[in-house]
Amino acid sequence: MDKNTTQCLIIGSGPAGYTAAIYASRAALNPILYEGLQPGGQLTTTTVIENFPGYPEGVDANQLMADMRAQAVNLGADVRPGYVTAVDLSQRPFRVTVDESETILAETLIIATGATAKYLGLPSEEKYRGTGVSACATCDGFFYRGKDVAVVGGGDTACEEASYLAHLCRKVYMIVRRDVLRASKAMQERVMNTENIEILWESQTREVLGDENGVTGVRLVRKNGEEYEKAIDGFFLAIGHHPQSDLFKAWIDTDENGYILTDGKSSRTNVEGVFAAGDVQDPQYRQAIAAAGSGCRAALDAERYILSKK
């Protein structure tokens, strides 16, 4: 087979992509995986992972992804640097363009491009990302036990994150731009009835404050222009995610937020031979272990599809 032709092409290199490559390699599909602009995916923007099974003392996030990559390579996956810039899913084999120049032909395609958290765009927010600024309470809340934190957002996700953190933290501030919450009535009631959650109404973040050790506070501005500060140890974004599915929307069905739709518990999309795994098709869990599991399913689905065509 030509080096640019494969039975299984995987786009994306987070837990879903690397796990798919591991399983596809063991199935003798000789997969090619393109790592994209952020090898290792979103997990590489955090520090220690304490909730991935098999690591009783936790594991450095970058080391975890390096180990997954090495395992895929050792099993025979062709892991390549490069960013997919165009796809044509109207014919088989599928045609995929990498870095606007190289064309790959694939019998099956696994989309594992992930989803990126939405940030406010503040320089200080970027400065302290990974040292107090996080977009995942489930991932990082454990590190703030008994401390004071802030959650930005007023929707269901923000309320869920604040409620989760309230069980761990001494105080949780919700920074809400409007004078009402956008969350469902049930989520609003949960927040309102949680003693250590305080809502900072009609407030927006002006700057995340910190020192060489990380976040120490946040400077806010009220609707009337008044500025004030709160001392905090952690700053959590809960204003949504953007699934990296735009490249495929001409062929692949997505929901109203852009998450790829899959068939039931499988990874099958509406295009035969195309499968989706990880955060690009998971608006709910967004955890490394969940992504890895879906990468496994995608590889198994791809293997079964190829066998069914022989």
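Restricting segment 206-242 to residues that are surrounded by fewer than 20 Cβ atoms within 10 Å (Cβ to Cβ) and among the small types (Gly, Ala, Ser), which is nearest to ALA115 (Cα to Cα)?
The residue in question is GLY240.
Going by the structure shown, is LEU209 under 21 Å from GLN188 (Cβ atoms) and either assigned by TED's automatic domain parsing to the domain that holds ALA135 or modelled with pLDDT of 95 or more (or both)? Outline the logic, then answer.
Working: under 21 Å from GLN188 (Cβ atoms): no; either assigned by TED's automatic domain parsing to the domain that holds ALA135 or modelled with pLDDT of 95 or more (or both): yes.
Criteria not met by LEU209.
Scanning for something out of contact with any Cys (no Cβ under 6 Å at 6 or more places or on another chain), in a loop (DSSP other than H, G, I, E, B) and at negative phi, does segment 17-27 turn up at least one residue? Let's see the steps before the verdict.
Filtering segment 17-27 down to residues out of contact with any Cys (no Cβ under 6 Å at 6 or more places or on another chain) leaves 17-18, 20-22, 25-27.
Remaining after also requiring in a loop (DSSP other than H, G, I, E, B): 27.
Remaining after also requiring at negative phi: 27.
Scanning segment 17-27 turns up at least one residue that is out of contact with any Cys (no Cβ under 6 Å at 6 or more places or on another chain), in a loop (DSSP other than H, G, I, E, B) and at negative phi.
I'm told ASP301 meets every condition in (1) of a type outside the set (Phe, Trp, Tyr); (2) in contact with a helix residue (DSSP H, G or I) (Cβ under 8 Å, 6 or more places away or on another chain); (3) surrounded by 20 or more Cβ atoms within 10 Å (Cβ to Cβ) except one. Can you identify the failing condition by its number?
Among (1) of a type outside the set (Phe, Trp, Tyr); (2) in contact with a helix residue (DSSP H, G or I) (Cβ under 8 Å, 6 or more places away or on another chain); (3) surrounded by 20 or more Cβ atoms within 10 Å (Cβ to Cβ), ASP301 violates only (2).
Within segment 83-119, can you find the residues that are surrounded by 18 or more Cβ atoms within 10 Å (Cβ to Cβ) and in contact with a Ser or Thr (Cβ under 6 Å, 6 or more places away or on another chain)?
ALA106
For PRO15, only one of the following conditions fails: (1) at pLDDT below 95; (2) within 16 Å of the chain's Cα centre (by Cα). What is its number?
Status for PRO15: all satisfied but (1).
Scan segment 2-16 for residues that are part of a strand (DSSP E or B) and polar (S, T, N, Q) and report the count.
3
So, in segment 270-285, how many residues would count as being surrounded by 20 or more Cβ atoms within 10 Å (Cβ to Cβ) and under 12 Å from the mean Cα position of the chain (by Cα)?
So the answer is 6.
If we keep just the residues of segment 231-261 that are outside any loop (DSSP other than H, G, I, E, B) and of a type in the set (Val, Ile, Thr), which is farthest from LYS127 (Cα to Cα)?
The residue in question is THR254.
Could you say whether any residue in segment 176-198 is touching a Leu at 6+ places or on another chain (Cβ under 8 Å), on the phi > 0 side of the Ramachandran plot and outside any helix (DSSP H, G or I)? Break it down into steps so the answer makes sense when it comes.
So the first thing to find is which residues in segment 176-198 are touching a Leu at 6+ places or on another chain (Cβ under 8 Å), and the list is 176, 187-188, 191.
Narrowing the set further to residues that are on the phi > 0 side of the Ramachandran plot leaves none.
So far as segment 176-198 goes, no, none of its residues is touching a Leu at 6+ places or on another chain (Cβ under 8 Å), on the phi > 0 side of the Ramachandran plot and outside any helix (DSSP H, G or I).
Name the one entry in SER203, SER308, SER267 that is surrounded by 14 or more Cβ atoms within 10 Å (Cβ to Cβ), free of Cβ contacts under 8 Å to residues at least 40 places away in the same chain and either over 28 Å from ASP67 (Cβ atoms) or touching an Asp or Glu at 6+ places or on another chain (Cβ under 8 Å) (or both). Before the answer, list the steps.
Values: SER308 fails: surrounded by 14 or more Cβ atoms within 10 Å (Cβ to Cβ); SER267 fails: free of Cβ contacts under 8 Å to residues at least 40 places away in the same chain.
When all the criteria are applied, what remains is SER203.
Sort out which residues of segment 120-132 are among the small types (Gly, Ala, Ser) and buried (at least 16 other Cβ atoms within 10 Å of the Cβ), and write them in order of number.
SER124, GLY132
Select from segment 220-233 the residues that are in contact with a Phe, Trp or Tyr (Cβ under 8 Å, 6 or more places away or on another chain) and either acidic (Asp, Glu) or not assigned by TED's automatic domain parsing to the domain that holds GLY155 (or both) and list them in ascending order.
Once the filter is applied, which keeps residues that are in contact with a Phe, Trp or Tyr (Cβ under 8 Å, 6 or more places away or on another chain) and either acidic (Asp, Glu) or not assigned by TED's automatic domain parsing to the domain that holds GLY155 (or both), segment 220-233 yields only ASP233.
Take the residues in segment 231-257 that are of a type in the set (Gly, Ala, Ser) and at pLDDT below 95, then tell me which one is nearest to VAL218 (Cα to Cα).
ALA238
State the number of residues belonging to segment 141-162 that are touching a Ser or Thr at 6+ places or on another chain (Cβ under 7 Å) and closer than 15 Å to LEU220 by Cβ.
Within segment 141-162, the subset touching a Ser or Thr at 6+ places or on another chain (Cβ under 7 Å) is 152, 156.
Cutting the leftovers down to closer than 15 Å to LEU220 by Cβ gives us 152.
Going through segment 141-162 one residue at a time, the tally reaches 1.
From ALA299, ALA250, ALA291, grab the single residue that is of a type outside the set (Asp, Glu) and under 14 Å from the mean Cα position of the chain (by Cα).
After applying the criteria, what remains is ALA291.
The values are calculated or read from the model by the stated rules, or taken from the named source; none is laboratory data. As the structure is a prediction and not an experimental result, all values here were calculated from the model. Don't worry about glycine lacking a Cβ; one is built from the backbone with ideal geometry, like all the others, and counts go over all protein chains shown.
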